[in-house]
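Written below as structure tokens is the structure these notes are about.
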């Protein structure tokens with residue numbers, strides 16, 4: 001098989017190959033023989049099925065498998081002999097081949113290549129810290145939030161629903177006397193207003209309500225309501241209180257036991273340490289984003305593979321269309337919004353691809369690699385977040401071919417941390 005490669009652009013190459021007709025037929029016949037050796041067909045012994053019968057039943061599949069084999073061979077030969085660095089998933093145009101002529105197969109396909117660029121400075125980038133100290137009010141709020149999380153609900157009875165209580169209720173929205181939405185089994189708090197209701201009016205109406213009460217609150221239909229023609233109209237929300245609970249807070253001793261501390265001083269220290277850790281993590285993430293943005297801006301002239309740009313833009317556009325359809329927009333409105341967001345989608349895709357190539361360039365230069373421990377830790381973290389076993393998560397990722405994406409994300413995390421650890425971080429002036 002003859003294979004040639006032509007560079008058609010900074011990030012594209014055209015691979016052409018020719019398979020002699022006899023060579024293809026030889027591979028095709030081998031495939032038929034292999035199929036005939038294992039197939040069981042009524043009226044024929046295994047391995048004795050006539051070729052014409054095999055061709056009628058399996059010819060199309062065997063021919064396609066032979067074509068795939070030659071395509072893969074041409075791809076691998078082109079990459080190896082020309083030291084190409086392909087990226088993305090290459091589309092092999094198997095359906096475009098015409099085998100009816102009996103001539104040699106002459107075919108070509110495009111390959112997206114990793115861009116060639118000079119990696120600029122990525123060590124010693126400057127970023128200003130925005131890490132704020134943990135305030136006493138934050139510590140108290142965190143402890144109070146923990147108390148609420150551990151609170152035990154009890155029926156409020158004749159006292160009615162307290163402002164910080166919880167209700168299980170039914171909700172009905174009416175506009176011009178017509179019901180536009182109904183929900184059952186909602187778990188709500190007077191302190192967390194439902195969209196479309198004024199916060200103060202909502203809290204005031206629900207506070208003190210008892211089981212069986214129907215509470216009315218003025219309604220303005222939200223802008224994201226699924227029926228566009230009703231958005232912004234006024235009406236009434238009807239809350240039917242099915243169950244009303246007050247929250248009984250845990251004692252200090254129960255909180256001490258939960259956090260394994262002896263007294264209030266130790267409790268406040270643990271809360272402060274956790275808040276400090278959370279703030280530090282958030283600030284580290286912010287700094288890493290700023291530094292990566294600087295690196296992207298410094299390489300904004302990098303050439304990018306056109307096929308990858310187009311494929312990712314199409315994917316984002318398709319996702320946007322689906323989202324707009326789910327919101328109830330008609331076809332014309334969807335197309336108008338898609339056109340409106342086209343430039344921003346393209347810019348996001350370009351930025352994402354530059355980040356991808358820059359991250360891997362830094363990783364290659366610094367020898368930043370993943371190991372089995374990294375993958376195992378990530379699987380364990382995912383399992384813990386989803387209350388699943390590591391084996392279940394690994395099976396899901398394997399069956400859905402997600403390990404490559406996991407590796408990409410883990411590599412980016414390592415590179416982002418490397419940029420931050422090697423940056424010049426200054427305190428606010």
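The values are calculated or read from the model by the stated rules, or taken from the named source; none is laboratory data. Owing to the predicted nature of the structure, the values given are computational and were not obtained by experimental measurement. Every residue, glycine as well, gets a Cβ built from its backbone with ideal geometry; the counts of neighbours run over all protein chains shown.
For the range 385-419, how many residues meet the condition of being modelled with pLDDT of 95 or more and either touching a strand residue (DSSP E or B) at 6+ places or on another chain (Cβ under 8 Å) or at positive phi (or both)? Matching residues across the range 385-419 total 0. Contact map, the range 255-272: first residue on the phi > 0 side of the Ramachandran plot, second residue surrounded by 17 or more Cβ atoms within 10 Å (Cβ to Cβ) and in a helix (DSSP H, G or I), Cβ cut-off under 6 Å, separation 6 or more or different chains; the map is empty. Taking the listed residues 36, 31, the one that is touching a helix residue (DSSP H, G or I) at 6+ places or on another chain (Cβ under 8 Å), assigned to a helix (DSSP H, G or I) and modelled with pLDDT under 80 is 36, with no other qualifying.
Just checking, which of 327, 294, 322, 287 is surrounded by 12 or more Cβ atoms within 10 Å (Cβ to Cβ) and at pLDDT below 95?
Within the list 327, 294, 322, 287, the selection yields 327.
Scan the range 125-134 and give yes if some residue there is over 29 Å from residue 269 (Cα atoms) and surrounded by 12 or more Cβ atoms within 10 Å (Cβ to Cβ), otherwise no. Within the range 125-134 (the criterion being over 29 Å from residue 269 (Cα atoms) and surrounded by 12 or more Cβ atoms within 10 Å (Cβ to Cβ)), the answer is yes, since at least one residue qualifies.
Residue 427: surrounded by fewer than 15 Cβ atoms within 10 Å (Cβ to Cβ), modelled with pLDDT under 95, more than 18 Å from residue 292 (Cβ to Cβ) and more than 19 Å from the chain's Cα centre (by Cα), yes or no? Steps first, please.
On the way: surrounded by fewer than 15 Cβ atoms within 10 Å (Cβ to Cβ): yes; modelled with pLDDT under 95: yes; more than 18 Å from residue 292 (Cβ to Cβ): yes; more than 19 Å from the chain's Cα centre (by Cα): yes.
Yes: the conditions hold for residue 427.
Does the range 332-339 include one or more residues that are under 30 Å from residue 110 (Cα atoms), part of a helix (DSSP H, G or I), in contact with a helix residue (DSSP H, G or I) (Cβ under 9 Å, 6 or more places away or on another chain) and free of Cβ contacts under 8 Å to residues at least 24 places away in the same chain? Looking for residues that are under 30 Å from residue 110 (Cα atoms), part of a helix (DSSP H, G or I), in contact with a helix residue (DSSP H, G or I) (Cβ under 9 Å, 6 or more places away or on another chain) and free of Cβ contacts under 8 Å to residues at least 24 places away in the same chain, one finds at least one in the range 332-339, hence yes.
When you go through 144, 140, 128 one by one, which is the residue that is under 25 Å from residue 283 (Cβ atoms), touching a residue at least 24 places away in the same chain (Cβ under 8 Å) and not assigned by TED's automatic domain parsing to the domain that holds residue 25?
After applying the criteria, what remains is 128.
Kindly establish whether residue 320 is within 22 Å of the chain's Cα centre (by Cα), touching a residue at least 24 places away in the same chain (Cβ under 8 Å) and closer than 30 Å to residue 421 by Cβ. No, not satisfied. For residue 194, the test of being in the same structural domain as residue 171 (by TED's automatic domain parsing), touching a helix residue (DSSP H, G or I) at 6+ places or on another chain (Cβ under 6 Å) and farther than 30 Å from residue 349 by Cα is failed. If only residues of the range 43-99 that are at pLDDT 85 or above and in a loop (DSSP other than H, G, I, E, B) are counted, the one that is surrounded by the most Cβ atoms within 10 Å (Cβ to Cβ) is 87.
Restricting the first member to the range 221-238 and to residues that are free of Cβ contacts under 8 Å to residues at least 24 places away in the same chain, and the second to residues that are in a strand (DSSP E or B), the beta-carbon pairs closer than 7 Å and six or more apart or on different chains are 232/220.
Give the residues of the range 413-424 that are crowded, with 19+ Cβ neighbours inside 10 Å and either assigned to a helix (DSSP H, G or I) or under 19 Å from the mean Cα position of the chain (by Cα) (or both), sorted by residue number.
Filtering the range 413-424 down to residues crowded, with 19+ Cβ neighbours inside 10 Å leaves 415-416, 418-420, 423.
Of everything in the range 413-424, those that are crowded, with 19+ Cβ neighbours inside 10 Å and either assigned to a helix (DSSP H, G or I) or under 19 Å from the mean Cα position of the chain (by Cα) (or both) turn out to be 415, 416, 418, 419, 420.
For the range 344-386, a residue qualifies if it is closer than 28 Å to residue 119 by Cβ, free of Cβ contacts under 8 Å to residues at least 24 places away in the same chain and within 22 Å of the chain's Cα centre (by Cα), and the qualifying residues are 344, 347.
Quick grid of which residues meet (1) in a strand (DSSP E or B); (2) at pLDDT 95 or above:
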position	(1), (2)
102	no, no
110	yes, no
116	no, no
123	no, yes
138	no, yes
158	no, no
162	no, yes
172	yes, yes
201	no, yes
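Of all the criteria given as (1) closer than 26 Å to residue 164 by Cα; (2) at pLDDT below 95, the one not satisfied by residue 236 is (2). Counting the residues of the range 161-200 that are under 24 Å from residue 148 (Cα atoms), surrounded by 15 or more Cβ atoms within 10 Å (Cβ to Cβ) and more than 37 Å from the chain's Cα centre (by Cα) gives 2.
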